[in-house]
1. Which one of these is within 21 Å of B:A10 (Cβ to Cβ) and of a type outside the set (G, A, S): B:E153, B:E196, B:E127, B:E139?
2. Pull up the range B:73-94, narrow it to residues that are out of contact with any strand residue (DSSP E or B) (no Cβ under 7 Å at 6 or more places or on another chain) and within 10 Å of chain A (Cβ to nearest Cβ), then point me to the one that is most open to solvent (accessible area, probe 1.4 Å).
3. Restricting attention to the range B:107-126, and to residues there that are of a type in the set (V, I, T) and facing chain A (nearest Cβ under 7 Å), which single residue is least open to solvent (accessible area, probe 1.4 Å)?
4. Quick test for you: out of A:Q129, A:Q134, A:Q70, pick the one residue that is closer than 27 Å to B:T123 by Cβ and at the interface with chain B (Cβ under 9 Å from one of its Cβ atoms).
5. With respect to B:R191, is the statement that it is open to solvent by 70 Å² or more (accessible area, probe 1.4 Å), assigned to a helix (DSSP H, G or I) and over 30 Å from B:A33 (Cα atoms) true?
6. Yes or no: B:A205 within 14 Å of another protein chain (Cβ to nearest Cβ), open to solvent by 10 Å² or more (accessible area, probe 1.4 Å) and either of a type outside the set (S, T, N, Q) or farther than 20 Å from B:F17 by Cβ (or both)?
7. Count, please, the residues in the range B:157-170 that happen to be at negative phi and surrounded by fewer than 21 Cβ atoms within 10 Å (Cβ to Cβ).
8. Taking the residues in the range A:137-179 that are more than 22 Å from the chain's Cα centre (by Cα) and modelled with pLDDT under 95 as candidates, determine which candidate is nearest to the other protein chains (Cβ to nearest Cβ).
Protein chains: 2
Amino acid sequence: MLYELYYWPAIQGRAEFVRLALEDAGADYLDVALVPEEEGGGVPAMARFLEGQSVEHPAFAPPFLMAGRQLIGQTANILLFLGGRLDLAPKDAAGRLWTHQLQLTLADFVVEIHDAHHPLGPTLYYEQQRAAAQRRSKEFRAHRLPKFLDYFERVLHRNAGGGPGMVGPRLTYADLSLAQIIAGLRYAFPRASRAELASRPRLCALHDKVFARPRLKRYVSSERRIAFNNDDVFRHYPELDR
Amino acid sequence: MLYELYYWPAIQGRAEFVRLALEDAGADYLDVALVPEEEGGGVPAMARFLEGQSVEHPAFAPPFLMAGRQLIGQTANILLFLGGRLDLAPKDAAGRLWTHQLQLTLADFVVEIHDAHHPLGPTLYYEQQRAAAQRRSKEFRAHRLPKFLDYFERVLHRNAGGGPGMVGPRLTYADLSLAQIIAGLRYAFPRASRAELASRPRLCALHDKVFARPRLKRYVSSERRIAFNNDDVFRHYPELDR
C-alpha cells in the first residue's frame, strides 16, 4: 500500500516519528510536504484535508496519514495503526497496548520539550516569551528532563523480552521515537543532555542501535531528512541550556 | 471483571475520564483512591506500582488501571482498552481508531487547559507563576479555546452516523470525555466558556445528553464524584478569566 504523509514542509516536527517508522520498514510512502505545490503537494494539499467541508474525519492538526481511503491523525494513533503493518510492534494485544502507552508517554515528553521554548503557548513567537522560556527551561532541565529519562532508562532495563529496546525481543516504533528524542535533546540542550545521558547508558546504546539500522542510516544521510532547526519542536537556544 | 483504578485522592484529574466510562457502563470497579490507607488503598497502594522494582510495565504517572494481571497506563490508552469491553466504542477497527484519535485530541486540549494555570510547568505552584498564567490564559481564551471548540463542534456536525455524539449512531467514551471537559471549562472559565459556548449548540446539547444518562446522573450526585476544585486540572482563578 502507498501511504501518503501530510505535514508542514521544512521541519521534522511530529511527522518525523512517523517517517522513521516508514523509512525503517522500507515502506512505500509519499511525503506530500516534499512534493512541490505546482505538482499537487505542499501546504495546499494538506490544507484541503484540514479545511475541506466534506472531510468526514478531519484531523485537528498535522501530521496525518492517508492509507487507502482511511485518514488517520494524531502521531501516536498513526503509529498504532502502522505498528503491526510495518512489523514494528508486538503481535499480541497486550504488547501493542504497552508499546502504545510508551509512545503516549514519549508524546507527553515532546510536549514538555516544546513548551520549554513556548511556555506561553503556540500563538506567540519565541522572542515574545523569552523570559518565561528561561524560567520554564530551568525547571525542565532540573526536574522534568531527568524524570523522563529515568523512566525510559528503567523501562529499557526492565524489558523482560531480552531485546535492545523497550518491548520484547525486537525494536518497535516506540524505540525509534525514543532515539529521535535523544537526538533532538542533544541538538536542543547539548549541555544538559550531555550531563544527563552520561549516567544513562541504555538510552545512549538504544540511540546508537536505532540510527545504525541500515535503512535509517541511509535515510538520515539522504536529502529526505530535514535537519534540526529553530522553527521546529527541538530548538537550540543557548540561553535555555545553562 | 473487577477493574482497579489508581489515582490521586481528592481530585478528579485525568482519572475522571476513565471513571465516567466505568460508571456509565455500570462496570465493576474499585477506585483505590477512595479506599483508606489502613485498608490497603490510597496513595501508598498507587506508589507501589509506580515505584516497585518488580513492576514490569510501570506507568510514568497515574491514572493507571489493573485489569486482571494487565497494568495499563495513559488515560487515552486505558479508554482504548476499555472502549470495546464497556460497549463505548464502535466495533470496527477504523471506528475505534477514529474514536481514539478524538480522545488524543481531547487529551491535547486538557494539557492546554491545565497549562493555562501552569505555564512554567508542573514543578512550581500556581502562586509562583501567576503573571505568566495571566499571559498564557489570555492567549488560550483568545485563540486556542475557540479553535478546539470549533473543531469538536465541527466533528459533531459531520458525524454521518446520525448519533448525538462524535462517532456513529451511539455515544462513545470520547463523548463522555468531551462532556466532562465542557463541565470543567464552565467551572474554570465561566465567563469565557459562556461566551464561546453560546455559538456552539451541538457542544451544549452533547454535554446535557451525557450528564442526563441515568447512571452518570446517579454518579454525579453521589459521594463518589469529587467536586471540581483548585488543586485539580480545571481551576477557577477569576484573574485568568477576564
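1. B:E127
2. Of everything passing the filter in the range B:73-94, B:A93 is most open to solvent (accessible area, probe 1.4 Å).
3. This residue is B:V111.
4. A:Q129
5. Answer is yes for this residue.
6. Spelling it out, it is not the case that B:A205 is within 14 Å of another protein chain (Cβ to nearest Cβ), open to solvent by 10 Å² or more (accessible area, probe 1.4 Å) and either of a type outside the set (S, T, N, Q) or farther than 20 Å from B:F17 by Cβ (or both).
7. So the count comes out to 9.
8. A:A160
The values are calculated or read from the model by the stated rules, or taken from the named source; none is laboratory data. Not measured: the values here are computed from a predicted model. Using ideal geometry, Cβ is built from the backbone for each residue, glycine included, and neighbour counts are taken over all protein chains shown. Note: accessible area is taken over every heavy atom of the protein model, side chains too, but ligands, DNA and RNA are not part of it. Shrake-Rupley method; radii C 1.70, N 1.55, O 1.52, S 1.80 Å.
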